[in-house]
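The values are calculated or read from the model by the stated rules, or taken from the named source; none is laboratory data. Predicted model only: the values in this text are computed from it and were never measured. So basically every Cβ, Gly included, is an ideal-geometry build from the backbone, and we count neighbours across all protein chains shown.
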Amino acid sequence: MFENRFNRRHFFYGSLLAGIVPSRGLGAPGALPASGNKSFNDKLNVALIGLGLRGPQIVTGAAASENIVALCDVDDERGAATSKTYSKATRYKDFRVMLDKEGKNIDAVMIAVPDHWHTPLALYCMQHGKHVYVEKPLTRTPTEARMLADAAAKYKVVTQMGNQGFSHEGTKTACEIVWSGDIGDVREVHAWTGGVSGGKLNIPATGPAGEPVPGTLDWDLWLGPAAARPFNPMYNSHWRAFQDFSAGGSLGDWLVHILGPAHLALQLATVSPISVETVSIEGKNQWEWPWRAHTVFEFPARGSMPPVTIHLYQNMRGDFQYPSGMAENENLFPPMNNLAEKGRPSLTDDAGTILAELTADGKPAPGVRLPGQFGGGRGGRAGGPGGRAAAPPDPQRGPGNGSVFVGSKGVMATSQRGEGVWLLPASRWAEYKLPPQLLPRGVNHQQDWIRGCKGGAAPVSQFSVASKYIEWLVLGTIALRVPGKLVWDAKNLRFSNSEEANKLLVPSVRKAWDFKV
């Protein structure tokens, strides 16, 4: 029954698992730590660069088992609580000084800074022999993505992009549902963000006005490879809104999470897109990313999987026709961790740390509050992530953060990073029996990286894997700036029909911060 079910479809380990199962195989050893071969009983010395929002969140996943020995941020005032939590860690302002002074004391570095710093920081740390964990999106351009994959191989370090959904039970279950053939051939995927990353800042044509630099901030170091400009607090408080500092606004903020299940389940790492085009856009100017856009990718067939069109909606409303049979006010996207109702025990919070075990009947242990369990939060009503939306959709309210796979035999939806998954309409999900587990489970995203650093199985989103995902996704940032259908030539890393678009494939970098493998 098992083999007939999957061999009858398009499941085979050789290509369909490319980009999910590490190339060295399950349980195969990873690279040795930079400071030598440490056993699983030894603790790694980990440094954190970036003490804003995400840095303190992701470091908890490493601190659960390892030593946090150094903290770094360009602003002395940022991260006071984090510094107090890890009081034995030495605080630095300049990452170069940190690595020079700490030397061999640091084994691995976690990086959570604005997107324009991801590539140079990751390269610098890898060149110093450090394992690196870099928050999503890995890079802003496809050329940088290939560069980091090459660097990881050259310097023989263990890497991970911080897209936690790759490690989540929901994402893996979504892959297994698609591969089982239960929703048929998928030819369309629609993925939303329910809000704006950065917002409408109403920036004048001349750009943000210069203001005095706070005494605690090294502004030139904050800019790093970006073009020099006067300080304005909007830059470091709303950096995701700016073209110079982020990868497409909400595209690099949330769509990189939301599209993870589609990238893996549909095996998009095995091919490259044929084209990309932004078909509608609002709020475009020379400084900010648009606050609303609809971008379309076309992918060719992959093995026995048919061609597929991927629709990305940044803060969009009302374009998608909801599946037939959905009841009034029925959820489009599932609550996070809804697989608990079917006995799947992987429950993780935002940072990827385990929240709770399940009781024998598949329900949360007494007193445990799960993300998305209550209205107004995750899994809440319209306009909130993973939200509720009536059919047809209300043009004034978004359905939340998630994706919908339209198959020839049914429809599947995922929420957020893939933390929730179900079939539509809800009546089908209620009676649905999950297919057999094919993908490995076990640890959260940060511990997946830590395990690799200690010689265990390679991380699920190591740069050789993550770079293939980011390479096609960030083509969308170019489509947001260059109108028309852009035809992509992945072999030669260029667009075959637009020199204007080709100029955006390599980021503009200040000479003092030029980087190379």
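Of the residues contained in segment 102-109, one or more are found to be out of contact with any strand residue (DSSP E or B) (no Cβ under 9 Å at 6 or more places or on another chain), under 22 Å from residue 221 (Cα atoms) and of a type outside the set (Lys, Arg). Does at least one position in segment 158-170 carry a residue that is under 26 Å from residue 93 (Cβ atoms), out of contact with any Lys or Arg (no Cβ under 7 Å at 6 or more places or on another chain) and either surrounded by 20 or more Cβ atoms within 10 Å (Cβ to Cβ) or small (Gly, Ala, Ser) (or both)? The answer is yes, given that some residue of segment 158-170 is under 26 Å from residue 93 (Cβ atoms), out of contact with any Lys or Arg (no Cβ under 7 Å at 6 or more places or on another chain) and either surrounded by 20 or more Cβ atoms within 10 Å (Cβ to Cβ) or small (Gly, Ala, Ser) (or both). Only one entry of 474, 506 meets the criterion of being buried (at least 17 other Cβ atoms within 10 Å of the Cβ), of a type in the set (A, V, I, L, M) and over 14 Å from residue 277 (Cβ atoms), and that entry is 474. In summary, strands (runs of 3 or more DSSP E) completely within segment 396-500 and bearing 1 or more residues that are at pLDDT 95 or above and closer than 17 Å to residue 177 by Cβ occur at 402-407, 411-415, 420-424. The set of residues in segment 236-272 that are out of contact with any strand residue (DSSP E or B) (no Cβ under 8 Å at 6 or more places or on another chain), under 18 Å from residue 505 (Cα atoms) and of a type in the set (A, V, I, L, M) contains only 247. For segment 101-135, the set of residues classified as closer than 21 Å to residue 235 by Cβ, among the aliphatic types (A, V, I, L, M) and in a helix (DSSP H, G or I) consists of 121 only. For segment 47-61, the condition of being modelled with pLDDT of 95 or more, closer than 25 Å to residue 152 by Cα, more than 23 Å from the chain's Cα centre (by Cα) and not in a helix (DSSP H, G or I) holds for none of the residues.
Applying the set (1) touching a strand residue (DSSP E or B) at 6+ places or on another chain (Cβ under 9 Å); (2) touching a residue at least 60 places away in the same chain (Cβ under 8 Å) to residue 506 leaves exactly one unmet item: (1). Taking the conditions (1) at pLDDT 95 or above; (2) at positive phi in turn, residue 198 satisfies each one other than (1). Is there a residue being surrounded by fewer than 20 Cβ atoms within 10 Å (Cβ to Cβ), outside any loop (DSSP other than H, G, I, E, B), at pLDDT below 50 and touching a strand residue (DSSP E or B) at 6+ places or on another chain (Cβ under 9 Å) anywhere in segment 364-375? Checked against the condition, which is being surrounded by fewer than 20 Cβ atoms within 10 Å (Cβ to Cβ), outside any loop (DSSP other than H, G, I, E, B), at pLDDT below 50 and touching a strand residue (DSSP E or B) at 6+ places or on another chain (Cβ under 9 Å), segment 364-375 yields at least one hit. The sole residue among 150, 218, 182 that is at pLDDT 95 or above, within 25 Å of residue 454 (Cα to Cα) and among the charged types (D, E, K, R) is 150. Give the number of residues within segment 224-266 that are buried (at least 23 other Cβ atoms within 10 Å of the Cβ) and among the polar types (S, T, N, Q). Total meeting the criteria: 2.
Screening segment 183-225 for residues that are out of contact with any Phe, Trp or Tyr (no Cβ under 6 Å at 6 or more places or on another chain) and in a strand (DSSP E or B) and picking the one that is farthest from residue 315 (Cα to Cα) gives 217. The residue that is nearest to residue 215 (Cα to Cα), among those in segment 70-95 that are buried (at least 19 other Cβ atoms within 10 Å of the Cβ) and β-branched (Val, Ile, Thr), is 74.
Yes or no, residue by residue, for (1) farther than 29 Å from residue 54 by Cβ; (2) of a type outside the set (A, V, I, L, M, F, W, C):
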| residue | (1), (2) |
| --- | --- |
| 252 | no, yes |
| 259 | no, no |
| 266 | no, no |
| 288 | no, yes |
| 299 | yes, no |
| 309 | yes, yes |
| 314 | no, yes |
| 322 | yes, yes |
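Table: residues versus (1) more than 30 Å from residue 327 (Cβ to Cβ); (2) in contact with a Gly (Cβ under 6 Å, 6 or more places away or on another chain); (3) not polar (S, T, N, Q).
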position: 424; (1), (2), (3): no, no, yes
position: 427; (1), (2), (3): no, no, no
position: 453; (1), (2), (3): yes, no, yes
position: 474; (1), (2), (3): yes, no, yes
position: 478; (1), (2), (3): yes, no, yes
position: 498; (1), (2), (3): yes, no, no
position: 506; (1), (2), (3): yes, no, yes
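Would you pick out the residues in segment 406-437 that are among the polar types (S, T, N, Q) and crowded, with 17+ Cβ neighbours inside 10 Å? Hits for segment 406-437 are 414, 415, 416. Within segment 226-245, residues that are more than 19 Å from residue 480 (Cβ to Cβ) and in a helix (DSSP H, G or I) sit with their Cβ atoms under 9 Å from residues that are among the β-branched types (Val, Ile, Thr) and at pLDDT below 95, at 6+ positions apart or across chains, in these pairs: 234/203.
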